[in-house]
């Protein structure tokens, strides 16, 4: 999606090459049959780019291979290795080990979609 580091990297490559070739955004837009605003949005990483536009941009920017226009893939996100740690403390409430395990599983399950993790992993 737009704003993603991949789109920002792609936009930076388009902008850098366009400037190196001495083209304005309007000139590049004319070559690829897009609006100047679309080129500006692509260069800033705010616009998703369709595959046929990638090919058109690569040709207009005189790349011999489309891959030369693509940014390197982002590094995989590393797990911090931190496990969910929970302290249940309330003088009026005392949980058994089994009950605490159930609460931990429930919290892990609820947080899993946000973290991209599976519960219990």
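The values are calculated or read from the model by the stated rules, or taken from the named source; none is laboratory data. Quick caveat: nothing in here was measured; it's all calculated off a predicted structure. Reconstructed Cβ throughout: ideal geometry from the backbone, glycine too, with neighbour counts over all protein chains shown.
Brief remarks on what is shown
- Meeting the requirement of 3 or more residues that are at pLDDT 85 or above, the helices (runs of 4 or more DSSP H) wholly within segment 2-119 are 5-20, 25-32, 36-43, 51-60.
- Taken together, the residues in segment 55-75 that are surrounded by 14 or more Cβ atoms within 10 Å (Cβ to Cβ) and touching a residue at least 40 places away in the same chain (Cβ under 8 Å) amount to 6.
- Checking each residue in segment 18-37 for being closer than 16 Å to residue 69 by Cβ, surrounded by fewer than 17 Cβ atoms within 10 Å (Cβ to Cβ) and without any contact (Cβ under 8 Å) to a residue 40 or more places away in the chain picks out 19, 20, 31.
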